[in-house]
Amino acid sequence: EAQVTQNPRYLITVTGKKLTVTCSQNMNHEYMSWYRQDPGLGLRQIYYSMNVEVTDKGDVPEGYKVSRKEKRNFPLILESPSPNQTSLYFCASSQSTDTQYFGPGTRLTVL
Amino acid sequence: QKEVEQDPGPLSVPEGAIVSLNCTYSNSAFQYFMWYRQYSRKGPELLMYTYSSGNKEDGRFTAQVDKSSKYISLFIRDSQPSDSATYLCAMEEGGSEKLVFGKGTKLTGNP
């Protein structure tokens with residue numbers, strides 16, 4: 001089954017404690033991206049990657065890092081999380097940027 | 001003016017009715033237009049995809065794009081309880097590697 005998986009699905013952490021949200025896709029897609037979704041602000045792109053070792057900033061990259069060492073995986077790293085990063089995070093992948101397939105989401109709470 | 005405007009609703013729709021959802025945009029370079037459906041606690045899923053102006057029909061769903069008015073619509077015929085979700089419009093210039101999303105319209109079935 002074609003899918004985008006994210007882990008963990010729910011996470012509560014404290015300010016400053018480094019965390020990683022994993023994202024994996026089994027469709028051999030070249031393009032992957034991370035979004036955050038907040039009430040009243042909609043979906044905003046954090047980072048995207050056009051292929052292995054190629055990443056670039058989206059609209060709201062501050063406080064986040066990403067890496068793309070393998071085609072299937074695109075982890076999101078928060079090195080020092082802060083409460084304003086409390087949000088719902090989605091990973092997405094596609095073969096072309098205009099039709100992205102989203103993962104189930106990770107709900108992050110930073111205390 | 002925001003790049004993509006979408007009325008957040010909520011929109012209450014009786015079963016069997018026709019639903020009209022709309023987005024306006026300001027960037028005349030947008031060429032690809034999408035509608036995503038997002039159920040509660042799930043990731044967005046691609047519903048309709050249209051390139052440039054015109055209509056596209058898929059079952060009960062019809063997407064319309066009017067580039068001259070910078071206006072896109074999604075029509076849902078014979079509304080069902082399973083249509084209760086948030087509908088997000090999204091647009092892309094083509095070659096820009098970046099989707100711009102509306103904030104979403106919440107649709108609620110009214111039996």
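The values are calculated or read from the model by the stated rules, or taken from the named source; none is laboratory data. Note that this is a predicted model, so its numbers are computed, not measured. Cβ coordinates were reconstructed from backbone atoms using ideal geometry, including for glycine residues, and neighbour counts include every protein chain displayed. Quick note on the areas: whole protein, heavy atoms, side chains included, nothing else; ligands and nucleic acids left out. Shrake-Rupley method; radii C 1.70, N 1.55, O 1.52, S 1.80 Å.
Of note:
- Residues that are among the small types (Gly, Ala, Ser) and open to solvent by 10 Å² or more (accessible area, probe 1.4 Å) were ranked within region B:86-111; the one that is farthest from B:Met34 (Cα to Cα) is B:Gly109.
- Residue tally, condition of a type outside the set (Gly, Ala, Ser) and crowded, with 20+ Cβ neighbours inside 10 Å, over region A:79-100: 8
- Number of the condition not met by A:Asp56 [criteria: (1) surrounded by 13 or more Cβ atoms within 10 Å (Cβ to Cβ); (2) modelled with pLDDT under 95; (3) away from chain B (no Cβ under 14 Å)]: (3)
- Subset of region A:59-111 [closer than 21 Å to A:Tyr10 by Cβ, part of a loop (DSSP other than H, G, I, E, B) and within 12 Å of chain B (Cβ to nearest Cβ)]: A:Gly103, A:Pro104, A:Gly105
- Only residues that are open to solvent by less than 40 Å² (accessible area, probe 1.4 Å) and under 13 Å from the mean Cα position of the chain (by Cα) were counted across region B:16-36, and they come to 8.
- Qualifying positions in region B:53-85 - among the acidic types (Asp, Glu) and either open to solvent by less than 30 Å² (accessible area, probe 1.4 Å) or over 20 Å from B:Ala17 (Cβ atoms) (or both): B:Asp66, B:Asp83
- Test result for B:Gly9, open to solvent by less than 50 Å² (accessible area, probe 1.4 Å), out of contact with any strand residue (DSSP E or B) (no Cβ under 9 Å at 6 or more places or on another chain) and touching a residue at least 24 places away in the same chain (Cβ under 8 Å): no
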